[in-house]
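Reviewing the structure listed below.
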Amino acid sequence: MKVLVANLGSTSFKYRLFDMESEEQLARGGIDRIGEGADSTCVAEIGSNRIEASQRIADHAAAVQMCLDQLTNPESGCLQSVEEVSAIGFKAVFAGKLSGIHLVNNDLLKAMESLADVAPAHNPPYVKAMRQLQASFPEIPLVAALETAFHDTIPEPLRTYAVPYHWAQEYEVRRWGFHGASHRFIGTKMESLLGSSDAKVISCHLGGSSSVCAMRGGKSQSTSMGMTPQSGLPQNNRVGDFDPFALRLVKRLTGKSYDELLDELSSEGGLLGISGISNDLRDIEKAAEGGDKRAQLAIDIYCADIKRYVGQYLAVLNGADALVFTGGIGENSDIVRQQVCSNMTYAGIELDEQKNQSAREEGIISTEQSKVQIWIVPTNEEIVVARQTAQVVKGE
């Protein structure tokens, strides 16, 4: 069985192709500038070969067709025909009570459409692309692995807001949680690395979008993101946790509508909003090294919020066996890891500064005396989605 895992943006398509018998990655690639009326760069990496082409791509169905053409190229491809693709899996974001892993059908698409205002950057492009692919490739099953599914195991007291009770029952207002594929991968991986099926792990998925998750035995017990991906930690340009009643004051003082203010919070907040420089932490760290106070403040706020959630989850789990950093920032920023782990010896968390600064791949960066192991573990969301997709297609 070969599974194509798709990662969609409004004008982009990235993929990885897996042979599920060995879980070997056969190819990866992507296309940008879809539907923009200009030539797109179409890239495929198959083994050691890199194929690159440029042509105008009208929509996501055309993008998938272009990628399949590259993958089935008689001279450089890794597939003999499109029929070898058993399914396309999607790391979909939000469908409310339809949380889980589903064959894409009209009920699922309608649910995602109805909740587009909760995940405006994710649901609309996924729904549009899925409909296009259903029409263009009816012979290939499409599977949606909802990011919320991993958090279905969170106990009710930790996922219920103190809002009027009927809001949860009628409007599905609750802490749903996201980044499920990444946290699921870390949970499974740490069971292997720690040699325990009941390990207590705090996973910090830190990147353009960030969240922290408490896990026991590979199952989610609590997570920082709530009803929407805009909540929890401050992110690249998203505000994170925020008192909604402040909007009433800003609305009155600015004359802007609530929709305008929410758009501002979700596009001009977070690291970008505080630093005034960039939504990329690498740029912010460079500016902070040069003495920029707002850049340093952005880093300090980001790290303080991560540490706050780590502290909460130590309480939820009654301690931890491991603290894990993953994602683009978690794997690469020794500055963030150092600040998060500083002054945590009371909790048995002690970072080895030399290991932290020199770390470039999977490994332990805690001292030998640290009661909690501190790890860097590169995540692999795509293989999680591929596994889930294969299970659905097989009917498991």
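The values are calculated or read from the model by the stated rules, or taken from the named source; none is laboratory data. Everything numeric here is computed off the predicted structure, so don't read it as measured data. Reconstructed Cβ throughout: ideal geometry from the backbone, glycine too, with neighbour counts over all protein chains shown. Quick note on the areas: whole protein, heavy atoms, side chains included, nothing else; ligands and nucleic acids left out. Shrake-Rupley method; radii C 1.70, N 1.55, O 1.52, S 1.80 Å.
Could you grab the relative contact order for the chain? Cα pairs under 8 Å, six or more apart, rounded to a whole percent. All intermediate terms of the calculation are to be shown ahead of the outcome.
On the way: 818 pairs, mean separation 52.9, N = 396.
Relative contact order of the chain: 13 percent.
So, counting K/R as plus one and D/E as minus one, what does the shell of residues with Cβ under 11 Å around Gln221 add up to? Walk me through the numbers before you get to the answer.
Numbers: positive: Arg159, Lys200, Arg216, Lys219; negative: none.
Result for the neighbourhood of Gln221: +4.
Just grab the label-to-label distance for Thr254 and Asn49, each label 7 Å out from Cα along the Cβ direction, in nm (one decimal).
5.2 nm
Starting from the Cα of Glu350, move 7 Å in the Cα-to-Cβ direction to define the label point; list residues of region 360-383 whose amide nitrogen is under 15 Å from there.
365-374
What whole-number distance in Å separates the alpha-carbon centres of region 168-199 and region 317-396?
Region 168-199 and region 317-396 have Cα centres separated by 14 Å.
Any of Lys200/Lys371; Lys307/Lys355; Lys91/Lys307 with alpha carbons more than 22 Å apart? Name them for me. Walk me through the numbers on the way to the answer.
Details: Lys200/Lys371 12 Å; Lys307/Lys355 20 Å; Lys91/Lys307 28 Å.
Distance filter (> 22 Å) returns Lys91/Lys307.
Using a 10 angstrom cutoff on alpha carbons, build the Gaussian network for the chain and name the most mobile of Asp321, Asp334, Asp107.
Taking springs between Cα atoms under 10 Å, the residue moving most is Asp107.
Per-residue counts of other Cβ atoms within 10 Å, averaged by peptide: what ranking do you get for 371-384, 139-152, highest first? Kindly include the intermediate steps, with their values, before the conclusion.
Numbers: 371-384: 20.8, 139-152: 22.4.
Order by mean packing, descending: 139-152, 371-384.
Report the local net charge at Gly255: Lys and Arg +1, Asp and Glu -1, summed over other residues whose C-beta lies under 14 Å from its C-beta. Mind showing how you got there, number by number?
On the way: positive: Arg248, Lys251, Arg252, Lys256; negative: Asp259, Glu260, Glu264.
Net local charge, Gly255 excluded: +1.
What is the helix-to-structure angle for 123-136, meaning the angle in degrees between its Cα long axis and the longest Cα principal axis of the chain, kept from 0 to 90 and rounded to the nearest 10?
Between helix and principal axis, roughly 20 degrees.
What angle do you read, to the nearest 10 degrees and between 0 and 90, between the alpha-carbon axis of helix 258-268 and the longest principal axis of the chain?
That works out to roughly 90 degrees.
What accessible area, in Å² to the nearest ten, does a 1.4 Å probe give for Tyr258?
For Tyr258, solvent-accessible area is about 100 Å².
Which shape class applies to region 190-305: rounded if a/c is under 1.5, otherwise prolate when a/b exceeds b/c and oblate if not, where a ≥ b ≥ c are the square roots of the Cα gyration tensor eigenvalues?
Values: a/c = 3.30, a/b = 1.51, b/c = 2.18.
Oblate.
If you keep only loop residues by DSSP, which trypsin sites (Lys or Arg not before Pro) in region 199-269 have at most 16 other Cβ atoms within 10 Å of their Cβ? Mind showing how you got there, number by number?
Working: sites: Lys200, Arg216, Lys219, Arg238, Arg248, Lys251, Arg252, Lys256; in loops: Arg238, Lys256.
Hits after loop and neighbour filter: Lys256.
What is the distance in Å between the Cα centres of region 102-167 and region 232-251?
Each part reduced to its Cα centre gives a spacing of 24 Å.
Please work out how much length the chain gains when fully extended from Tyr161 to Lys97, using 0.36 nm per residue of separation minus the C-alpha to C-alpha distance, in nm with one decimal. Write out the running numbers ahead of the final one.
On the way: separation 64, 0.36 × 64 = 23.04 nm, distance 1.60 nm.
Once the chain is fully extended between Tyr161 and Lys97, it gains 21.4 nm.
So what is the relative contact order for region 1-150, in percent, with contacts set as C-alpha pairs under 8 Å and at least six apart?
Relative contact order for region 1-150 comes out at 22 percent.
Keeping the other protein chains in place, figure out the carbon and sulfur percent of the accessible area of the chain, with a 1.4 Å probe. Before the final figure, lay out each step's value.
Details: 8630 of 18460 Å².
That share works out to 47 percent.
May I ask you to compute the full-extension gain from Thr41 to Glu113, defined as 0.36 nm times their residue separation minus their alpha-carbon distance, rounded to one decimal in nm? Walk me through the intermediate numbers first.
Details: separation 72, 0.36 × 72 = 25.92 nm, distance 2.92 nm.
Result: 23.0 nm gained on full extension.
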